[in-house]
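Read the structure below first, then the notes.
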Amino acid sequence: MLFSAPLSLYPPEQTAYMQRVREILFSKYSSPPKAHIITYGCQQNVSDSERIKGMLIAMGYTLTDSPDGADFVLFNTCAVRGHAEDRVYGNVGGMKQYKRRRPNMIVAVCGCMAQQEQVAEKFKFSYPYVDLVFGTQVEHRLPEFIYRRLTEGKRIFELSLDNKDIVEDIPVSRDGDIKGWLPIMYGCNNFCTYCIVPYVRGRERSREPEKIIEEARNMVKAGYKEIMLLGQNVNSYGAGCDHGINFAKLLRMINDIEGDFRIRFMTSHPKDCTVELLDAIRDCEKVERRLHLPMQSGSSRILKLMNRRYTREKYLELINEAKKRIPDVVFTSDIIVGFPGETYEDFKETLSLVKEVEYSSLFTFIFSPREGTPAAAMEDPISREEKGRWFAELLREQDIIGLKKQRELVGKIVRVLCEEASSREGYIVGKTAGTASVEFEGDLSLIGKFADVKIESFTNILNGSLME
Ligand code: SF4
């Protein structure tokens, strides 16, 4: 769905470039040229790609699901793990054949991976058929980059990370029409020692609360039922801004918007999770009762090496405070196994904390050294095989807990967002606020609506019946 914002705050020079590109494309092609976008990585990248699609449509492109026959192909890349980067090099390499068949095709690479100098250099010298390489803070200049490629014939490499004001009112083409992403801030100031994000997304910058409320209101008006607020660390929203609106206040402001919708958010840093925020989650009926609190390790010694700035004890205190203040709160988390210097004893501490908190689900990773981060230079004596054994032990434990958490829902009445038809004829699949999937008998007209469902049983999915 295209949201053509009034382009008021969208830089006038980019609006002009958009117009000129449109004129060139319509004079060059007998039918609208096609654009194909490949997105890797996190929700923030998916949301950025929706803005890139919005700009391309405003320039006259139509979106296509395949590079075949495309006039513009863009890879929006991720730098969080090594194998993600290897896949990108492979897929961009595959563009060589396409370009040979369609020399006028434009091939572009952007996102966190492209933001790294050494990566941009590699595309410059080893991938001569790549036309545009641009970073995470200049995506709004895509019209200019395409215009210069079309008129000057030059390849464009633009990586400036100047942390200036966020560019607003970029046209957005959202992938779905039930659930939507709403970025509230960009960048991160935390510098966890294993993480590349602060180096590729820059310093924290929060959007103006009015712009966020305006976008949320437009999404509700357009029928969105779930709004996911995005930021690398949403808990520090508004930090350093003179408007005095922090994340807890922002949640209350969005919760005050008229309409039947729910609010979710990602990602929270435990060190910035305040009692004020917990109370806002409790008081705001539209906000999900789920807290995604990345723990990363259960060992305070490893948390220090990670520069996470909380201890195991502090983390558990926060979990217990949340349980006390928010009835029915569910927790999810991220865990890294095999951080440099981690011993099996440290790992056992992670395992025991997982047993103590009982997360409804976990995102688990084996440590992946990122060039340029402090952890990449740390001594790392434990073999990949050994880390793999720890990782398997963690997954076994979490599987048991996950099943237990699902079974605890049997007999309860839960509110679900009906998202899609089930593979079983006459059945629907919906998601609880805690992101558990529920299958129940119901008409397709329920899709995109909320429904109250009584959980009857749990097989490989929660089975329920619709409450009339
Ligand atoms: S909080 Fe840490 S892990 Fe998260 S994005 Fe920032 S530096 Fe990376």
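The values are calculated or read from the model by the stated rules, or taken from the named source; none is laboratory data. Here the structure is a predicted model, which means the values were calculated and not measured. Backbone-built Cβ (ideal geometry, glycine too); neighbour counts: all protein chains shown. Each accessible area value is taken on the protein alone, full model and side chains, heavy atoms only, with ligands, DNA and RNA left out. Shrake-Rupley method; radii C 1.70, N 1.55, O 1.52, S 1.80 Å.
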All but one of (1) in the same structural domain as residue 391 (by TED's automatic domain parsing); (2) more than 16 Å from the ligand (Cβ to nearest atom); (3) at pLDDT 95 or above hold for residue 328, so report the exception by its number. (3)
For residue 342, state whether it is out of contact with any Pro (no Cβ under 8 Å at 6 or more places or on another chain) and either farther than 15 Å from residue 306 by Cβ or not in a loop (DSSP other than H, G, I, E, B) (or both). no
Consider residue 149 against the criteria (1) touching a residue at least 12 places away in the same chain (Cβ under 8 Å); (2) under 22 Å from the mean Cα position of the chain (by Cα): it satisfies all of them except one. Which criterion is unmet? (2)
Which numbered condition trips up residue 234, out of (1) open to solvent by less than 10 Å² (accessible area, probe 1.4 Å); (2) away from the ligand (no atom under 16 Å from the Cβ)? (2)
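One line per residue, one yes/no per condition, for (1) over 27 Å from the mean Cα position of the chain (by Cα); (2) β-branched (Val, Ile, Thr):
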| site | (1), (2) |
| --- | --- |
| 352 | yes, no |
| 368 | no, no |
| 405 | no, no |
| 409 | yes, no |
| 414 | no, yes |
| 421 | no, no |
| 427 | yes, no |
Considering only residues that are under 21 Å from the mean Cα position of the chain (by Cα) and touching a residue at least 40 places away in the same chain (Cβ under 8 Å), which ones fall in the range 132-141? 135, 136, 137, 139, 140
Limited to the range 392-429, what total is found for residues that are outside any helix (DSSP H, G or I) and basic (Lys, Arg)? 3
Single residue of the range 362-373 satisfying the filter (open to solvent by 30 Å² or more (accessible area, probe 1.4 Å) and closer than 11 Å to residue 199 by Cβ) that is modelled with the lowest pLDDT: 371
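Can residue 302 be described as part of a helix (DSSP H, G or I) and hydrophobic (A, V, I, L, M, F, W, C)? I'd like the intermediate steps shown before the answer.
On the way: part of a helix (DSSP H, G or I): yes; hydrophobic (A, V, I, L, M, F, W, C): yes.
For residue 302, the condition - part of a helix (DSSP H, G or I) and hydrophobic (A, V, I, L, M, F, W, C) - is met.
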More than 27 Å from the chain's Cα centre (by Cα) and of a type in the set (Gly, Ala, Ser): does that describe residue 445? yes
When you go through 141, 102, 174, 155 one by one, which is the residue that is closer than 30 Å to residue 216 by Cα and open to solvent by 30 Å² or more (accessible area, probe 1.4 Å)? 141
Counting only helices (runs of 4 or more DSSP H) wholly inside the range 17-131, the ones holding at least 1 residues that are within 24 Å of the chain's Cα centre (by Cα), free of Cβ contacts under 8 Å to residues at least 24 places away in the same chain and not assigned by TED's automatic domain parsing to the domain that holds residue 234 are 82-93
Take the residues in the range 31-80 that are at pLDDT below 95 and aliphatic (A, V, I, L, M); name whichever of them is surrounded by the most Cβ atoms within 10 Å (Cβ to Cβ). 79
Where residues in the range 293-307 are in contact with a strand residue (DSSP E or B) (Cβ under 6 Å, 6 or more places away or on another chain) and of a type outside the set (A, V, I, L, M, F, W, C), which of them is nearest to residue 342 (Cα to Cα)? 296
Can you confirm whether residue 305 is without any contact (Cβ under 8 Å) to a residue 60 or more places away in the chain, of a type in the set (A, V, I, L, M, F, W, C) and surrounded by 15 or more Cβ atoms within 10 Å (Cβ to Cβ)? no
Can you tell me which residue among 349, 397, 441 is crowded, with 17+ Cβ neighbours inside 10 Å and modelled with pLDDT of 95 or more? 349
When you scan the range 259-278, do you find a residue that is among the hydroxyl-bearing types (Ser, Thr, Tyr) and within 14 Å of the ligand (Cβ to nearest atom), even just one? yes
Out of the range 188-209, which residues are within 6 Å of the ligand (Cβ to nearest atom) and either basic (Lys, Arg) or open to solvent by 40 Å² or more (accessible area, probe 1.4 Å) (or both)? 191
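Hey, among 111, 176, 135, which residue is at positive phi and of a type outside the set (A, V, I, L, M)?
Answer to the check: 111.
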Consider the range 240-258. How many of its residues are touching a helix residue (DSSP H, G or I) at 6+ places or on another chain (Cβ under 7 Å) and either within 16 Å of the ligand (Cβ to nearest atom) or not aliphatic (A, V, I, L, M) (or both)? 3
